[in-house]
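Trainee: I have a structure here, written as structure tokens, and I will follow up with some questions on it.
The values are calculated or read from the model by the stated rules, or taken from the named source; none is laboratory data. Because the structure is predicted, anything quoted here is derived from the model rather than measured. All Cβ positions, glycine included, derive from the backbone under ideal geometry; neighbour counts span all protein chains shown. Heads up: the accessible areas ignore ligands, DNA and RNA and are worked out on the full protein's heavy atoms, side chains in. Shrake-Rupley method; radii C 1.70, N 1.55, O 1.52, S 1.80 Å.
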Amino acid sequence: MTMMTPAAVVACNIYITAASSHSSTLLSLLRRAQDHCQQLRHQQNNGHNKDTTARNDAFAGNQRIMAPVAIIHAYADIPYDRSSFHLAGRPDFVSDVASRLICNALNEIDLDCSHINDNKSGENKESRHPFVGLVDHVSVMAMAYPTNDNGGSKDKCEAASNAAHEIGNRISKTNLVNVHYYGMACPNNTPLATVRREKTSFFKSGGAVDKEQMGQYKGASPKETSASPNVALKGDTTIGAPVNFAENFNIRLTSKVNFDQAKTLTQFLRGRNIETRGYGVAGVEALTLPYARGPSEGGKVYEVACNLLDPKEGSVAMVRAQLE
């Protein structure tokens with residue numbers, strides 16, 4: 001396990017392309033991850049990982065009142081056939097639990113992603129959330145960190161990016177996925193959307209089949225929008241540390257709204273349209289996605305899925321106001 005700043009606290013979100021069809025395996029992954037967290041808590045309580053540096057004494061005093069690592073949330077999105085696990089705690093403990101959970105998922109869930117680039121990712125691809133592999137996305141964000149002469153920004157970047165790289169290095173050893181880094185885990189601080197567009201088939205998968213949503217704008221060439229031909233058995237995994245806290249806000253539309261109308265609403269929310277079209281909400285990325293439901297629930301509807309990259313500049317309230 002790579003040693004990282006123990007006084008920092010990070011959160012890690014893991015998104016897996018599986019839900020009800022693999023429910024027993026996912027529940028087993030959750031239980032084992034919880035057991036792993038408990039083992040690490042006992043390990044710290046027994047004094048094996050104490051932080052004794054004077055610089056972190058005050059922060060460590062606050063840390064003793066909370067668990068060093070925990071699964072804080074798990075969720076299965078049945079219509080999108082997608083599940084998520086959310087962890088928080090010390091960077092070294094979080095990366096350890098996350099890596100083992102992901103490796104177990106790669107070894108135990110049977111989802112062949114070797115044909116992902118030919119846009120034939122399954123019979124129900126139109127009802128899927130866009131994805132690039134079995135373990136589609138892993139994000140790590142610093143939640144707290146010790147201060148220094150620069151206000152702690154260096155430690156903040158290192159805590160999150162080091163944890164992201166530790167996870168990436170360990171899951172790469174399975175030889176089942178190709179890892180692509182983004183954000184502070186990437187040397188050029190490349191945004192997630194750019195990595196997805198230039199190195200994966202994300203915008204051509206699942207329900208994201210509209211050409212406008214593939215990122216082909218501002219003169220992007222075919223080379224820039226094509227994924228790597230070297231697709232691993234379990235696909236690609238994007239791993240990174242966002243520069244800012246990103247908020248997800250999805251708008252479920254009624255059955256009266258057709259696809260063209262849903263696309264129009266999406267256009268009015270995208271922040272990139274402010275400069276070129278005169279409308280949009282700053283810092284908002286948006287996709288139009290089909291959301292499959294049973295007949296008793298009204299059947300298929302559409303959803304405008306939004307990432308608020310800077311919620312202070314482009315808030316949920318601003319998104320709602322733009323749609324009115």
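Trainee: Does ASP81 satisfy being within 17 Å of the chain's Cα centre (by Cα) and modelled with pLDDT under 95?
Mentor: Considered against the rule, which asks whether it is within 17 Å of the chain's Cα centre (by Cα) and modelled with pLDDT under 95, ASP81 comes out as yes.
Trainee: Report every pair of residues separated by at least 6 positions or lying on different chains whose Cβ atoms are under 8 Å apart, first residue within region 15-35 and without any contact (Cβ under 8 Å) to a residue 40 or more places away in the chain and open to solvent by less than 10 Å² (accessible area, probe 1.4 Å), second among the hydroxyl-bearing types (Ser, Thr, Tyr) and assigned to a loop (DSSP other than H, G, I, E, B).
Mentor: none
Trainee: Moving on to the next point. Has region 38-47 got any residue that is in a loop (DSSP other than H, G, I, E, B) and either modelled with pLDDT under 95 or in contact with a His (Cβ under 6 Å, 6 or more places away or on another chain) (or both)?
Mentor: Scanning region 38-47 turns up at least one residue that is in a loop (DSSP other than H, G, I, E, B) and either modelled with pLDDT under 95 or in contact with a His (Cβ under 6 Å, 6 or more places away or on another chain) (or both).
Trainee: May I pose another question? Cβ-Cβ below 8 Å, separation at least six or inter-chain, first residue in region 83-106 and touching a residue at least 24 places away in the same chain (Cβ under 8 Å) and closer than 14 Å to GLN44 by Cα, second of a type in the set (Gly, Ala, Ser) and assigned to a helix (DSSP H, G or I): which pairs?
Mentor: PRO91/ALA159; PRO91/ALA160; PRO91/ALA163; ASP92/ALA163; VAL94/ALA163
Trainee: Determine whether THR276 is open to solvent by 20 Å² or more (accessible area, probe 1.4 Å), at pLDDT 90 or above, out of contact with any Lys or Arg (no Cβ under 7 Å at 6 or more places or on another chain) and outside any loop (DSSP other than H, G, I, E, B).
Mentor: Spelling it out, THR276 is indeed open to solvent by 20 Å² or more (accessible area, probe 1.4 Å), at pLDDT 90 or above, out of contact with any Lys or Arg (no Cβ under 7 Å at 6 or more places or on another chain) and outside any loop (DSSP other than H, G, I, E, B).
Trainee: Just for region 279-305: of the residues that are among the hydrophobic types (A, V, I, L, M, F, W, C) and under 26 Å from ASP81 (Cβ atoms), which one is modelled with the lowest pLDDT?
Mentor: This residue is ALA292.
Trainee: So, one more: Kindly provide the set of residues from region 161-177 that are out of contact with any helix residue (DSSP H, G or I) (no Cβ under 6 Å at 6 or more places or on another chain), over 14 Å from THR238 (Cβ atoms) and not polar (S, T, N, Q), ordered by number.
Mentor: LYS173
Trainee: Shifting gears a bit: Identify, from the list ASP260, ASP236, the residue that is of a type in the set (Asp, Glu), at pLDDT 90 or above and closer than 25 Å to ASP96 by Cβ.
Mentor: Just a single option satisfies the conditions, and that option is ASP236.
Trainee: A follow-up question, please. Looking at CYS113, CYS157, which one is modelled with pLDDT under 80 and in contact with a Lys or Arg (Cβ under 8 Å, 6 or more places away or on another chain)?
Mentor: CYS113
Trainee: Hey, another quick one. Can you name every residue in region 78-111 that is part of a helix (DSSP H, G or I) and open to solvent by less than 10 Å² (accessible area, probe 1.4 Å)?
Mentor: Within region 78-111, PRO91, ASP92, PHE93, VAL94, SER95, VAL97, ALA98, SER99, LEU101, ILE102, ALA105, LEU106 qualify.
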